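Worksheet: the structure to be examined is printed underneath.
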Amino acid sequence: MNSNNWFFIYHDTSEEGWSTPKGFALALEKEGINLFKFRFSNPKKFSFPEKEFFIKNNITVAISFYAGKCLTLEKELLRLKKELGIYIICELGDEPQTLISNSKRVSISDISLSPDHQSSLYWKNQKYNCIWFTHWADSSLYVYNPNFKKKILIGTSMGRRKHNILLKILFGNSYINKRCTPLENAKLYQQSKIVFQYARWNEITRRIFEAAACKCCIVTNRLPEHTHLETIFAHNVSAIYYDNTFSLIYHLIRLIFKPNLRETIAKNAFEIVHKHHTQISRAKELIRLVNLKNNI
């Protein structure tokens, strides 16, 4: 395989605006990959171009972004594999939540990409080539601007999850919980000193990386060791992990009265993300994996 022509498949219900797949597509293009983008809005009704399209454009790789079960996507990917022998890559979405839905796509894939370390091990134990490809921040959207004053003490976009009512009672207008679009979310993080996140599935969430990219001090629930989150962000160094409600309140009050600690943690997380966990670093890693697999 020596073509940089890739077929890029993503699900999107809006005509415009940022999305994780769109940001990743731009990163691939900046790295020299020529993308033929295929967007579908209805997961139950779409079809890929006929095989002549792929032959004419010398497409050798197909990559899909989709979270959850999609029989049509599975059928179309299998067609590409059987008819043309195209190299298939599937990003598996929201594992571990969607693990139950991904077995067919993983079996079709030459490489599958899981954001969850334990899920990647599960698929590897089934003899599939699954890579731990954890979340990242799109550095073109989630940007730290030193001239953009951080006016919000604690910001979050988690919605009505655990601790929300308590934090609102304790911190009042200093605590902002706002469900919003990605662009609004980026602005919220740019204004927040501390970003609170609660992972209800005990999974690594994308919001941690996005908040770090905006130079926020991350406070989130401590995840099980198998997630490997603390190999990325260390407690008291580049993030704060709480164990229960009392621990959460203690750490938040501690950060309020120790602004230097808060700023140091935010700075460390910011540097980690920009060195290792942006859309650019993930695009480079994926290209490396494809080239390595095919001895390019």
Original post:
In what order do THR220, THR156 fall by count of nearby beta-carbon atoms within 10 Å, going from fewest to most?
Top reply: THR220, THR156
Original post:
Each residue of segment 185-202 in order: what ³J(HN,Hα) in whole Hz does its phi give by Karplus 6.51 cos²θ - 1.76 cosθ + 1.60, θ = phi - 60°, with x for Gly and Pro?
Top reply: 4, 4, 5, 4, 5, 5, 9, 9, 7, 10, 10, 9, 9, 10, 8, 6, 9, 6
Subject >> Cβ-placed point charges (K, R +1; D, E -1), dipole of the chain about Cα centre in debye, nearest 20 >> reply: 660
Original post:
To the nearest 20 debye, what is the magnitude of the charge dipole of segment 152-276 about its Cα centre, counting +1 on the Cβ of each Lys and Arg and -1 on the Cβ of each Asp and Glu?
Top reply: 400
Original post:
How would you rank PHE257, PHE48, going from fewest to most other Cβ atoms within 10 Å of each one's own Cβ?
Top reply: PHE257, PHE48
Subject >> Residue-wise HN-Hα coupling along segment 91-106, computed from phi with Karplus coefficients 6.51, -1.76, 1.60 (Hz; x: Gly, Pro) >> reply: 7, 8, x, 9, 4, x, 4, 9, 3, 5, 9, 9, 4, 5, 5, 5
**OP:** Using amide H atoms built 1.01 Å from N in the peptide plane, name the residues 5+ places from SER64, or on other chains, whose amide H lies under 5 Å from its own.
**Re:** ILE9, ILE89, CYS90, GLU91
**OP:** Sum up the lysine pairs in segment 152-276 that clear both bars: alpha-carbon distance under 13 Å and a spacing of 8 or more or different chains.
**Re:** 8
Original post:
Can you pull out the trypsin sites (Lys or Arg not before Pro) in segment 188-293 that DSSP calls coil and that have at most 12 other Cβ atoms within 10 Å?
Top reply: ARG200
**OP:** Apply the Karplus parameterisation 6.51 cos²θ - 1.76 cosθ + 1.60, with θ equal to phi minus 60°, to every residue of segment 37-47 and state each ³J(HN,Hα) to the nearest whole Hz, in sequence, with x for glycine and proline.
**Re:** 7, 10, 9, 10, 9, 9, x, 9, 8, 6, 8
Subject >> Residue-averaged 222 nm ellipticity for the chain, from DSSP H runs of 4+ at -39500 (n - 2.57), nearest 500 >> reply: -12000 deg cm²/dmol
Original post:
Taking H as built 1.01 Å from N, whose amide H comes closer than 5 Å to the amide H of ILE218, not counting residues under 5 places away?
Top reply: VAL195, ILE240
Subject >> Positive-end residue of ILE249, PHE53, GLN126, charge dipole of the chain with Cβ unit charges >> reply: ILE249
**OP:** Would you list which aspartates and glutamates come within 16 Å of LYS44, measuring only between C-alpha atoms, while excluding same-chain residues fewer than 8 positions from it?
**Re:** ASP12, GLU74, GLU76
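FYI, it's all coordinate maths here, none of it is from the lab. Predicted, not measured: the structure shown is a model, and the values here were computed from it. Positions of Cβ are generated from backbone atoms using ideal geometry, with glycine treated the same way; all protein chains shown enter the neighbour counts.
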